[in-house]
1. For Asp304 and Thr236 in one chain, what is 0.36 nm times their gap in residues minus the Cα-Cα distance, to one decimal in nm?
2. Taking 0.36 nm per residue of separation and subtracting the Cα-Cα distance, what length does fully extending Lys245 through Thr296 add?
3. Label 7 Å along Cα→Cβ of Gln330; the stretch 229-254 residues with amide nitrogen under 15 Å?
4. Cα gyration tensor of the stretch 183-280, axes a ≥ b ≥ c as square roots of the eigenvalues: rounded (a/c below 1.5), prolate (a/b > b/c) or oblate?
5. How high is the FRET efficiency between Ala30 and Glu158 when r is their beta carbon distance and R₀ equals 25 Å, given to the nearest 0.05?
6. Compute the FRET efficiency between Lys79 and Ala170 as 1/(1 + (r/R0)^6), taking r as their Cβ-Cβ distance and R0 = 35 Å, and round to the nearest 0.05.
7. By per-residue mean of other Cβ atoms within 10 Å, what is the highest-first order of 205-218, 57-70?
8. Mind pulling the per residue volume of the convex hull built on the Cα atoms of the stretch 276-327? Å³ is fine.
Amino acid sequence: MKNKWNSAISAISALIVVSVCSSSSLRAQAKLEAIPVRGHIFLIGGAGSNITVSAGPDGVFLVDSGTTQNADRVLAAIKALQERQQMALPAAPRAGAETATATNLEPFYRTLTPPKPIRYIANTSALPDHTGGNSKLALAGKTFTGGNVTGEIGGEGEKAAVLAHESVLARLGDAKMPSSGLPTDTYFGSRLKLAYFFNGEGVELQRVAAAVTDGDSIVHFRGSDVVATGELFDFTRFPLIDVAKGGSIQGLLGGLNRLVEMAVPEFRSEGGTFFIPAHGRVGDIADMTYYRDMVTIVRDRIQDLMKKGRTLDQIKAAKPTEDWDGRLGQDKSWTPDMFVEAIYKGLSNKK
């Protein structure tokens with residue numbers, strides 16, 4: 001009888017394993033879709049980190065590239081998006097506070113020309129789920145060149161340009177990323193602006209110093225008023241702080257405060273400036289303020305316990321993140337204790 005029960009349990013376990021593996025396989029094979037955000041700005045989720053897409057007559061501008069294994073699915077989603085744009089009708093002008101805004105999510109013009117290639121990829125950090133698709137997506141694109149440099153510069157014009165802070169280039173080089181995926185245009189100051197409008201608007205990379213890492217950027221689409229935040233903002237977990245790679249709680253809060261200051265609400269703290277996070281849905285100023293306040297409260301609690309002489313273990317036991325653990329503390333790769341420890345280390349080394 002015991003052997004029969006053991007056989008039954010083994011069979012059930014095998015079915016569960018097969019079911020889990022099959023579900024994972026189906027998720028990996030499922031098509032990705034570019035979800036409209038505003039005008040010609042779209043969001044591709046499920047490819048690693050969120051990918052922000054500006055698609056229009058000038059081509060495609062991507063913010064981050066997802067993981068390596070999802071690159072083909074991202075390319076397919078971009079192609080499907082461009083095919084939809086070929087058939088899209090012009091939308092109504094953007095509405096005011098008292099009027100309906102549902103049509104604002106549709107493309108704001110008809111793309112009459114054939115789809116243009118990927119022109120730019122901006123990396124908000126060097127993290128693998130933000131940069132893994134760089135090589136394949138860049139090689140599928142074609143950047144702008146002209147005059148006597150067309151087709152030269154080592155063939156760089158035959159792929160999309162990759163934009164990032166110079167620290168990202170150094171870290172990806174250390175990680176042995178293929179040269180085809182390395183940043184081609186880097187900056188070391190406070191910002192990098194495209195020299196011309198892209199798809200009808202200015203695009204700007206802004207550095208956020210010593211936040212998640214030492215090479216973080218946010219990307220502001222100035223006409224659409226949409227900001228891709230990278231790992232500074234994440235609807236699915238507490239913000240990542242990689243102390244070993246130059247991240248710090250004070251730099252993170254500085255970045256979140258800047259995002260709050262950039263935001264303009266459409267009506268009573270709703271709508272207006274949109275923020276595309278590293279993972280999860282699109283947010284507005286209300287969401288960003290809530291997230292900033294949460295980080296500030298957790299930082300202040302830990303700081304107060306440190307002033308009282310509590311050790312790191314005692315601070316973890318006090319659960320300074322408990323109010324938000326149910327919503328943001330479920331990610332096993334970045335637990336509340338890991339978040340607390342990163343803040344503790346940053347405050348300990350703040351001098």
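Every number here is computed from the coordinates shown, using simple stated rules; none is lab data. Since we're looking at a predicted model, the values are computed, not measured. Cβ placement follows ideal geometry from the backbone for every residue including glycine, while neighbour counts extend to all protein chains displayed.
1. Value of the extension gain: 21.8 nm.
2. Working it through step by step, the gained length comes to 16.2 nm.
3. Output list for this probe position: 235-238.
4. oblate
5. My answer for the efficiency is 0.20.
6. 0.60
7. Result, highest mean first: 205-218, 57-70.
8. For the stretch 276-327, the hull spanned by Cα atoms encloses 89 Å³ per residue.
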